[in-house]
Amino acid sequence: MADTATTAAPARRRVLHAGSLGMIIGGLLATVGSLLPWVITPFGPLSGTAGPGLWTLCAGFIAIAGALLPYRLVAIGHALVSGVGVAAIVGWQIARLIYLSSTTDSWGQLIPGIGMVMVAGGAVVLLRTAIRLISIR
């Protein structure tokens, strides 16, 4: 009969970390939101994939990749880079909408679409997850 005390299994390293769920959700919000309409105009919606949506799509995949790495410091970097980048792009697009509305005197005609709102939500989730990962010791 074999002694089970001497045949211990080697320790396995976990793939997911404390921020994996938040990074996956934030990355999926940024990825899916990048493909949806970003601006609603009287003439129809404008897709985000024509410009800044491609950048946020890449940032969403970077966040998802960081969620699947077992290293906490690498995950913090992925969450911060993705979150700050996506937040900057959304801020730039909102400032651009305000500028276009003010110069053409068409207030209320150009409004953010569901894609921009989802991407902004993804940035909030990613930044919150990065702060949570930093505070865990």
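Taking every residue in region 83-108 that is on the phi < 0 side of the Ramachandran plot and pairing it with any residue that is aromatic (Phe, Trp, Tyr) and not in a helix (DSSP H, G or I), at least 6 positions away or on another chain, the pairs with Cβ-Cβ distances below 7 Å are Gln93/Trp38; Ser101/Trp107. Can you report the number of residues in region 90-134 which are among the acidic types (Asp, Glu) and within 23 Å of Ile62 (Cβ to Cβ)? Final tally of qualifying residues: 0. Condition (residue is in a loop (DSSP other than H, G, I, E, B), out of contact with any Lys or Arg (no Cβ under 7 Å at 6 or more places or on another chain), within 30 Å of His17 (Cβ to Cβ) and not hydroxyl-bearing (Ser, Thr, Tyr)) applied to region 113-136: is it met by at least one residue? Looking through region 113-136, at least one residue is in a loop (DSSP other than H, G, I, E, B), out of contact with any Lys or Arg (no Cβ under 7 Å at 6 or more places or on another chain), within 30 Å of His17 (Cβ to Cβ) and not hydroxyl-bearing (Ser, Thr, Tyr).
Among the residues of region 72-82, those that are touching a residue at least 24 places away in the same chain (Cβ under 8 Å) and surrounded by fewer than 20 Cβ atoms within 10 Å (Cβ to Cβ) comprise Arg72, Leu80. With Gly22, Gly48 as the choices, which residue is within 17 Å of Ala120 (Cβ to Cβ), more than 12 Å from the chain's Cα centre (by Cα), surrounded by 14 or more Cβ atoms within 10 Å (Cβ to Cβ) and not aliphatic (A, V, I, L, M)? Testing whether each residue is within 17 Å of Ala120 (Cβ to Cβ), more than 12 Å from the chain's Cα centre (by Cα), surrounded by 14 or more Cβ atoms within 10 Å (Cβ to Cβ) and not aliphatic (A, V, I, L, M) leaves just Gly48. Residues that are part of a helix (DSSP H, G or I) and among the aliphatic types (A, V, I, L, M) were ranked within region 95-112; the one that is nearest to the chain's Cα centre (by Cα) is Ala95.
Rule-based calculations on the coordinates, nothing more; no lab input. Keep in mind that what you see is a predicted model, and the values were worked out from it rather than measured. Every residue, glycine as well, gets a Cβ built from its backbone with ideal geometry; the counts of neighbours run over all protein chains shown.
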